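Working notes for the structure below.
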Amino acid sequence: MNIPADKYDACFLVMPAYSADQDLAVVKMINQFPHNIEKGMPSSPAQVLLMDGKNGMFLAMIDGTTLTQVRTGAASGAACDLLARRSCRVGALIGTGGPARRDSGEKIRR
């Protein structure tokens with residue numbers, strides 16, 4: 001679900017999921033506020049809520065900002081590894097953002 005906040009050139013994103021097999025539900029809330037960078041704040045603050053699928057009780061609240069940065073970096077690294085020619089030894093990630101993403105390519109191939 002994308003809820004625009006046009007006044008701030010921003011949006012609120014809500015991503016729910018449910019796994020009947022694992023009896024778990026999760027909601028990731030990430031907000032895109034590009035002008036936060038000018039204020040020294042993250043441009044994509046996020047939280048992840050984990051819930052018990054049997055009774056709806058909250059199990060955990062996880063820092064979604066760091067989780068998103070690590071996941072994005074890992075996905076970029078995996079894509080480079082899977083899609084680049086085997087002989088490739090140099091690569092670049094452009095516009096990667098958060099600090100976790102900066103290091104995503106370090107361990108792709110050694």
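Readers should treat all values here as calculations from the given coordinates under stated rules, not as data from a laboratory. Remember, predicted model here, so these are calculated numbers, not experimental data.
Which whole-Hz couplings ³J(HN,Hα) result when phi for each residue of the range 8-15 is put into the Karplus expression 6.51 cos²θ - 1.76 cosθ + 1.60, θ = phi - 60°, listed in order with x for Gly and Pro?
For the range 8-15, the Karplus curve yields 10, 6, 9, 7, 10, 10, 10, 10 Hz.
What list of ³J(HN,Hα) values in whole Hz, one per residue of the range 16-23 in order, does the Karplus curve 6.51 cos²θ - 1.76 cosθ + 1.60 (θ = phi - 60°) give from phi, with Gly and Pro shown as x?
Coupling constants for the range 16-23: x, 8, 9, 10, 5, 4, 9, 6 Hz.
Residue by residue through the range 38-53, what is 3J(HN,Hα) from phi via Karplus (6.51 cos²θ - 1.76 cosθ + 1.60, θ = phi - 60°)? Round to whole Hz and write x for glycine and proline.
Residue by residue, the range 38-53 yields 5, 9, x, 10, x, 7, 9, x, 8, 9, 10, 10, 10, 10, 6, x Hz.
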